[in-house]
Amino acid sequence: MQLTPSQRLERAHVSLLRDKEYMWLAGIIPMGRNEVVDDPNMTARTDGLDSEYGMQFIAKLTDAELKGLVLHEKMHCAFKHLRTWSYLHDDDPELANMVCDYVINLPIQDRYYRDQFVKLPDGGCVDVKYRDMDAGEVFKLLKQDNKQNKPKGFDQHDWDGAAKLTDEQADELSKAVDQALRQGNIFASKAGANVDRNILEMLKPKVDWREVLRDFITNCKPGDDYTSYRRIDRRFMSQDVMAPTSYSDSVFRVVIGADTSGSIDNKGLSTFLAEVQGVCDSVKPELVDLMYWGHNVAAHEIYEADSISTLHQSTRPKGGGGTEPSCVTRYMREQRIVPDCIVMLTDGDVFGDWGGDWPAPVLWCINNKQIVAPHGVTVHI
């Protein structure tokens, strides 16, 4: 007897659950709604939890392709794509869809080449040059390429649906996904399954330093009333960087401190400053103090609102010597500079102390993943 589309979909789920290689997804595969819809324009769609499958579309798929499609949608959930990378969608919706697919399609294709158990439907985004990258890294590379000549993917991503969750609901879902993955890894371990280390590495929570930089500066912007805080995003609340104050009459001032002791190369510095300028062009502080420092502040450039857009092109880095962040706090006290936030770029190989009595929230952008600043917020770049 021929199976109905819903029965085929259910069988694909069960088949994946029974396969050793996908036991790490044992808690993810049953999550959310999984429905067949009678819509000739629908291929498949997910909001990162619930999935819908077009009846006419899946009717054309082989069993291996249907399993590949289900696996594809469930990996979007496991990787939390539609929430972690929503800011990429704000930048370029089409490109955001593509990069999330590139990240998860390669492992599915790898399995197909081994035993044909699963197969991607036609039109999938696959390129080996993006292997082991997360969506943010792929997005950056694709931005430089001509996306018009690349496949757009076979499914639809419901970013708007994902965005409808409240912060509390999103947190609950994130915790549920984490718990499901932990349980899945236990099942896989007990069954003697070998979970792909590359997949496990990609599933580790990753923070894009550009997003953190943007959020940090934006949330430190003075409010429009006297009850405003330096509004730190929830990810920063455990970092002891909040200070309530009144701002309505203040000037939005940002200090950027770039370590030029020799540990940050010119390319890294240029990339960092280009990102800082982009954020400032958007957030529009009235003053940006750019300080180059090593064992002392070797140069201090001031950019007002009408000149911030020239920062990346016009700046002239100077410095050398050791890495002593405390020289920046001393200099600010001497010059009576009281900013709304401070962003420090360094390799973290500090001689002496990290400075104390910082007059504003501090974001440390450190290019050594083994080092975390003793105070403020640390993001690795």
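The values are calculated or read from the model by the stated rules, or taken from the named source; none is laboratory data. Everything quoted here is computed from the prediction, not taken from an experiment. Positions of Cβ are backbone-derived with ideal geometry, glycine not excepted, and every protein chain shown enters the neighbour counts.
May I ask you to verify whether GLU65 is out of contact with any helix residue (DSSP H, G or I) (no Cβ under 9 Å at 6 or more places or on another chain) and in the same structural domain as LYS175 (by TED's automatic domain parsing)? Let's see the steps before the verdict.
On the way: out of contact with any helix residue (DSSP H, G or I) (no Cβ under 9 Å at 6 or more places or on another chain): no; in the same structural domain as LYS175 (by TED's automatic domain parsing): yes.
Answer is no for this residue.
Taking the range 257-303 on its own, how many of its residues are in contact with a helix residue (DSSP H, G or I) (Cβ under 7 Å, 6 or more places away or on another chain), over 23 Å from THR218 (Cα atoms) and either polar (S, T, N, Q) or part of a helix (DSSP H, G or I) (or both)?
Of the residues in that region, 1 qualify.
Select from the range 343-381 the residues that are outside any loop (DSSP other than H, G, I, E, B) and under 22 Å from ARG330 (Cβ atoms) and list them in ascending order.
VAL343, MET344, LEU345, THR346, VAL362, LEU363, TRP364, CYS365, ILE366, VAL377, THR378
Just to be sure before I move on: is ASP101 out of contact with any strand residue (DSSP E or B) (no Cβ under 6 Å at 6 or more places or on another chain), over 27 Å from ARG114 (Cα atoms) and assigned to a helix (DSSP H, G or I) in the structure I sent?
No; evaluated as a whole, the condition is false for this residue.
Of all residues in the range 307-333 being out of contact with any Phe, Trp or Tyr (no Cβ under 7 Å at 6 or more places or on another chain) and assigned to a loop (DSSP other than H, G, I, E, B), which is farthest from ALA258 (Cα to Cα)?
Restricting to residues being out of contact with any Phe, Trp or Tyr (no Cβ under 7 Å at 6 or more places or on another chain) and assigned to a loop (DSSP other than H, G, I, E, B), the top hit is SER307.
Filter the range 331-374 for residues that are charged (D, E, K, R) and within 24 Å of ASP208 (Cβ to Cβ); which is modelled with the lowest pLDDT?
The selected residue is LYS369.
Would you pick out the residues in the range 302-325 that are among the polar types (S, T, N, Q), crowded, with 18+ Cβ neighbours inside 10 Å and at pLDDT 90 or above?
THR315
So which residues in the range 276-301 are touching a Leu at 6+ places or on another chain (Cβ under 7 Å) and either farther than 16 Å from CYS341 by Cα or at pLDDT 90 or above (or both)?
Hits for the range 276-301 are VAL288, LEU290, GLU301.
Is one or more of the residues making up the range 19-37 buried (at least 18 other Cβ atoms within 10 Å of the Cβ), farther than 29 Å from ASP178 by Cβ and out of contact with any Pro (no Cβ under 7 Å at 6 or more places or on another chain)?
The answer is no; no qualifying residue exists.
If I ask for residues that are β-branched (Val, Ile, Thr) and touching a residue at least 40 places away in the same chain (Cβ under 8 Å), which ones from the range 1-48 would you list? Before the answer, list the steps.
Filtering the range 1-48 down to residues β-branched (Val, Ile, Thr) leaves 4, 14, 28-29, 36-37, 43, 46.
ILE28, ILE29, THR43, THR46 - these are the residues of the range 1-48 that are β-branched (Val, Ile, Thr) and touching a residue at least 40 places away in the same chain (Cβ under 8 Å).
Which of the helices (runs of 4 or more DSSP H) found entirely inside the range 26-88 contain at least 1 residues meeting this: within 18 Å of ALA170 (Cβ to Cβ) and under 23 Å from the mean Cα position of the chain (by Cα)? Reasoning before the result, please.
Numbers: elements: 55-59, 63-78, 81-84.
Helices (runs of 4 or more DSSP H) meeting the threshold: 63-78, 81-84.
Does PRO93 satisfy being surrounded by fewer than 20 Cβ atoms within 10 Å (Cβ to Cβ), assigned by TED's automatic domain parsing to the domain that holds ASP167 and touching a residue at least 24 places away in the same chain (Cβ under 8 Å)? Lay out the reasoning, then the answer.
Values: surrounded by fewer than 20 Cβ atoms within 10 Å (Cβ to Cβ): yes; assigned by TED's automatic domain parsing to the domain that holds ASP167: yes; touching a residue at least 24 places away in the same chain (Cβ under 8 Å): yes.
When the stated conditions are applied, PRO93 passes them.
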